[in-house]
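Bear in mind that the values in this text are calculations on the coordinates, not laboratory data. Please read all numbers here as calculations on a predicted model, not as lab measurements. Every residue, glycine among them, receives a Cβ derived from its backbone with ideal geometry; neighbour counts consider all protein chains shown.
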């Protein structure tokens, strides 16, 4: 199991990381919020231990940013801010649990184990980011696309295989079912891109 520990106090970070590693957890340490967001974007973690008082973005902001971009990794906030309002702020920001300092390391381990026992969050089969739509059931990505050579701005459909080969290019109205048959029937590789999001979503 891999844990991201976000703690700006070096001695505390070293002590907690050492204890977690002694219990067979792999641990990465981030000293501030910006680095934590970067590490979480390039690595897969099973749990994030997140201090609140951090340089730059504080723990609440980091938690909100992670949830806003769809990161469902369990988050345990670690902080000396122990008021009810602080705990509510952390939980409302998207944290799964909240542990106040000073804390027992045994309790920290127990809370980590509890988070790891939770069922993983199931993601929907269709995910949309802007005008990009990924359908994991049919293994395709659909993008709205416009050819700058066409001054009318008429949308077109373009299908590109993972090896870069253009399988289909068509301007204007497209029958969705026919297009899907063409794509899935001629697909040489599981990865491909298809244009015209509107048609795939309707």
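Could you put 77, 1 in order, starting from the residue whose Cβ has the fewest other Cβ atoms within 10 Å? Display every interim value, and only then the final one.
Numbers: 77 28, 1 14.
The most exposed by this proxy come first: 1, 77.
Of the listed peptides 49-56, 13-20, what is their order by residue-averaged count of other C-beta atoms within 10 Å, with the highest listed first?
49-56, 13-20
Arrange 107, 7 by Cβ neighbour counts within 10 Å, fewest through most, would you? Walk me through the numbers on the way to the answer.
On the way: 107 10, 7 24.
With the sparsest Cβ surroundings first, the list reads 107, 7.
Counting other beta carbons within 10 Å of each Cβ, put 87, 106 in order, fewest first.
Fewest to most other Cβ atoms nearby, the residues stand as 106, 87.
Given Cα positions, please report Rg to Rh for segment 2-117, the hydrodynamic radius being the Kirkwood one.
0.91
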